[in-house]
Every structure is written in C-alpha cells, then in structure tokens.
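Let me begin by presenting the structure, written as structure tokens, before commenting on it.
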Amino acid sequence: MKKALIVMGFFACLLPVFLHAGTEQDLKGAYQPATVVSVTKVGTTANYVYDIAIRVNCTLYIAKYKSASDFVPSEIAPNHTVSVLVDEHGHWMHVVMSPDRPVELRLMSATGSGDKSCSNDQQGSSALIPAGTILPVTLDSMMRSDKSQAGAAITATVVQDVPLGRGTTLRAGSKVTGHVVEAIQPGRGSDEARISFQFDQVRLGNRTVPIATNLRALASVAAISATQVPTSGGDGQSPSSWNLVQIGGDQVSYGQGGPVMMGSQTVGKYTSQGVLAYVSQDLGTDCRSTVDGNTRPQAFWVFSVNACGAYGFGDVHILHSGRTEPVGQVTLVSDDKTVKVGKSSGMLLRVNRSGPEETQAQVVPSR
C-alpha cells in the first residue's frame, strides 16, 4: 500500500510537467475561447469540490474548482463559452467569463482527441464563414477604458440569422468571442481615452470557427431603440403602414417582407429578425462595399446598408476598424474621460478572413 502511494505521488508530481508540455503548445500563453463540457460535483462534503471539463479546439481539460458556499458561477455551465489561459507552469487555468471576473481552476489533466475528424472538422469549418460576411451582434457585457483589463474576455450574441451560402446559416443566438487588447485612460501616455479589442472565434453549430473581423458600425442602446419608433404613416390600427428608419438612414416599411428603401431604390427587405439587404456599391465612406465577390444578401439587423462608424456615442469614434494591420484589432477613442461601450450595444462586424493560421490571439498592446 505504501509503495502504491509513493508511485501515485510520483505521478502527481509529474502531472504539471505533462500538462505544461501539452497546454503551452495548445494555448500559447494567450486567452482563447473555450466551451464548458460538464460540471460534476465530487463526492465530498469538504470544500465543495467540482470537476470542470473544458474543451479548447480538440483538447479536453479537466480542472478542479473549490467553492466554500457550494456554488459554481452560472457562466460555468455546460455548452457555455468562456475565455481561458493556462499559466506558464501548467498548474492553473484562468477562466474569464466577463471583464473583471476571473476564476482560477486547478488543472488535473489535458487530453487531446485521437480522432482525426476533430482536427479536420476544425480546419474545414473555417471556410464556412466567407470573407465579406456581415455579423450583426450585441455585446453581452460592458467595455470601459477605465475598468476593462488587457486579456479580459468579451462575448457578443448574433441577433439575426446570417446566410453563409451553400445552404448554411449562422443562427441568431450564436456566440462570437474575443478579448480586450488594451485599455488606456488620459494621462497614461495618451491625451485621449481608448480601448482596443478583437473578436477571434464564432460558434457555428457544434464547431468553433476562427475568424478575424473589422468593425463596420457601432450603435448605442439608445440609437438601437430609436429604430423601433415609427417616423410616418400608421393610423394606430394598421402597423403595416408604418415606416421606420434604420441606423444610418434607410427607410423600412414595417411588416414581414416589407421593402428597405435607399432613396427611391429598393436595397433589401425587412424580416422578422431584421433587415436582409445588399451592401451599397457607392458608400462614399471608409467602409467597403462588396468584398471578395461576396454579393449575397447580408444581415444588417437595424442598421442601414450605408451605416459606417459610431452612432449614439457622443465623441467616441473608430480610430482603427481592423481592416488593416493589426488586422482584426479595433480601437475606439474619445476626447472625453472614458470610452464606454455598454452592454447590449450593437455592432456590425465584417469578416476579413477565417482560418487557424491567420487568427492567432493578440494580447500585446498595439503601438
């Protein structure tokens, strides 16, 4: 028995070494989106210990979580997306569910999938989000230049079905995940407040697809609410005759299948989830029209096909949209004291490219 305990202790000491060898290669010292697979309470009454299984791409990590009050944060639930980072020694997994809410888990094991279909599925899925695809999303939590920390996870929810071609659709409710790159307040090497962030992955069905996106348009909650107020028509009895104005200026005839007008030109239609329209070919702005021949209708939700820039945020503007280097990294600036992007703010993200080799997470502040 004593000999068995010695052997077990020996392997326990080696375990962090094996974990470090595997996790360092997989996570590369940067936060990455991951999916909670299971939460299991261990059969003990002391310290209320839980085994948490978390999958990052094709690797399954098992970690322990102790709760003095028999409580696991609601965000750590099966099928939920979190952002994770393994420390340099491979002993701990840092889980960030929202800005400024880190949780530390003790790593117990890391197992790579021996099924080649897993790797093939990850590689093949990247082609399912064509360049030029617009993703209308709302933020799941607030971002602030005075409180958000570099590396903090951010998530957003797709608010309208997005047609991808070949009969594939990215469904409303899908999660897009990323992280804060840096947050700067005036007086810390800058005369203005700024926050930089990027989105790295999107959940497409049961797959995690690496992406790089740029920010086409940003809207406050107030600006979004204003699109639901009729501007003309309507007799109080017939909502089908009401007209609405999208963020950016397009007029929408209320009702399923109603036309979306840009001047006298019909550019799309209104659906139960939002606007489905063609990208304008003559924007006259910094935003691009058609990208890589992607001419299919795009999901604009409550935004105009001409929407480009920030709406409803006062002097906040988009300094870097993520179209050029560093690709995928967005920077918002303000001459005011703080850049605040509230929960439920809306964004039009546009996919620059997708593919594991092109979308490595960046946690080093931009220069």
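Classify region 158-234 as rounded, prolate or oblate from the Cα gyration tensor: take a ≥ b ≥ c as the square roots of its eigenvalues, call it rounded if a/c is under 1.5, otherwise prolate when a/b beats b/c and oblate if not. Oblate shape, in that a/c is at least 1.5 and b/c is the bigger or equal ratio. Extension gain, THR271-VAL221: 0.36 nm per intervening residue step, less the Cα-Cα distance, totals 15.9 nm.
In this calculation the C-beta distance from ASP51 to LYS147 is compared with R0 = 30 Å, giving a FRET efficiency of 0.40. The label point for ASP191 and the one for THR338, both projected 7 Å from the Cα toward the Cβ, are 2.4 nm apart.
Region 137-200 gives an Rg/Rh value of 1.15, both radii derived from C-alpha positions and Rh following Kirkwood. The slack in the chain from GLU104 to HIS91, taken as 0.36 nm per residue of separation less the alpha-carbon distance, amounts to 3.7 nm.
Read the figures in this text as sums done on the coordinates, not as results from a lab. No experiment lies behind these values; they were computed from the predicted model shown. Here the Cβ is made from the backbone with ideal geometry for all residues, glycine too, and neighbour counts use every protein chain on show.
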